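One structure is given here, and the rest of the page talks about it.
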Amino acid sequence: MKKIIDACQIDAFTEFPFQGNSAGVVFSDDLNEKEMQLIAREFNVSETAFISKSNEADFNLRWFTPIVEDKLCGHATIAAIHFLLQKGIVQNNSTFTFKTFSGILKAGTDNGLHSLSLPIPKLETFDGNKTEIIKALKISNMINPEKFPFILDNGGYLYIYISSLNDLMNIKPDFKQLLELSAARNGYDGFTLFTTETIEKENEAHLRFFTPYYGIDEDPVTGSANGPLLLVLRRLGLIKENTENKIYTFEQGDVLNRKGRIKVSYSPSKNELKISGKAVTVFRGELSF
């Protein structure tokens, strides 16, 4: 029997169409894993979110790139929240939960700003082979690893401080080498390169994110990297103030002409890390197969 399923393509971390990071969003209880992967391949955006009913949370949520299931995706979750709000499945000024590969995640929406509480990552100084990473990224003259060591989180994201915005914007990695390094399973599969120089002076950081291991050479705007970046900045002494009750704005995507802005907060008293952003629907239709 043919399946007909509502689907949307939504740009997250922006209020303007064709900016931010695009995600497919599908709500169905009738899809198996193979069908989800095929749909994600057909959407052919960095991530597609699949929402379904749940007995353990308000909703189940899974994320697929065009080639593999992902463990955590911020922008596709923001897109999923936007989808649920537009469909009237959740209400404005409400909170709800998703059961995901990364656990039960708390989310909410408040007057067009959608939010997600991320798992708190464990951070450690990276003591592996930096030489091959530096070579693949082509950043030997842009870093000071003695002053700003590489930081690795337990999700496999490697954070590397770049000396200037100009340097960051001009990085042209060898993606084949990055894929080979990630496939060797040395503890990392995503590369977050960042600087505290920004395009808009009121913002705190600008970043780029590379993850060819998941089929995405460069992701336009990455919620799962921007959230932990706040904790990395604290660890490196680049943010010294108490972050309680403060909201920081990070930049990403400008180099790809997909400008995105992410709000990030961390409450030490609650040990809560949250990302938030706006979203806009650019396509609404049906899948039929």
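If the condition is being modelled with pLDDT of 95 or more, closer than 21 Å to Phe150 by Cβ, out of contact with any strand residue (DSSP E or B) (no Cβ under 6 Å at 6 or more places or on another chain) and in a loop (DSSP other than H, G, I, E, B), then region 209-252 contributes Leu236, Gly237, Leu238, Ile239. A Cβ distance below 8 Å, combined with a sequence gap of six or more or placement on separate chains, defines the contacts here; from region 249-264, residues that are without any contact (Cβ under 8 Å) to a residue 40 or more places away in the chain reach residues that are open to solvent by less than 40 Å² (accessible area, probe 1.4 Å) and of a type in the set (A, V, I, L, M) in the pairs Val264/Leu229; Val264/Leu230; Val264/Leu273; Val264/Ile275. Of all residues assigned to region 178-194, at least one qualifies as being outside any loop (DSSP other than H, G, I, E, B), open to solvent by less than 10 Å² (accessible area, probe 1.4 Å) and of a type in the set (Gly, Ala, Ser).
The criterion of being closer than 24 Å to Ala76 by Cα, in contact with a His (Cβ under 8 Å, 6 or more places away or on another chain), of a type in the set (Ser, Thr, Tyr) and open to solvent by 10 Å² or more (accessible area, probe 1.4 Å) holds for Thr281.
Can you spot a residue in region 6-24 that is modelled with pLDDT under 95 and open to solvent by 10 Å² or more (accessible area, probe 1.4 Å)? Yes, some residue in region 6-24 is modelled with pLDDT under 95 and open to solvent by 10 Å² or more (accessible area, probe 1.4 Å).
Taking residues in region 110-129 that are closer than 22 Å to Ile151 by Cβ, and partners anywhere that are at pLDDT below 95 and open to solvent by 50 Å² or more (accessible area, probe 1.4 Å), the pairs with Cβ atoms closer than 6 Å and at least 6 places apart or on different chains are Gly128/Asn186. Among the residues of region 28-43, is any crowded, with 20+ Cβ neighbours inside 10 Å, modelled with pLDDT of 95 or more and hydroxyl-bearing (Ser, Thr, Tyr)? Checking region 28-43: not a single residue is crowded, with 20+ Cβ neighbours inside 10 Å, modelled with pLDDT of 95 or more and hydroxyl-bearing (Ser, Thr, Tyr).
The values are calculated or read from the model by the stated rules, or taken from the named source; none is laboratory data. The structure displayed is predicted, hence computed values, not measured ones. Quick reminder, even Gly has a Cβ in these numbers, built from the backbone with ideal geometry, and neighbours come from all protein chains shown. Protein only, heavy atoms only, side chains kept; ligands, DNA and RNA dropped before computing areas. Shrake-Rupley method; radii C 1.70, N 1.55, O 1.52, S 1.80 Å.
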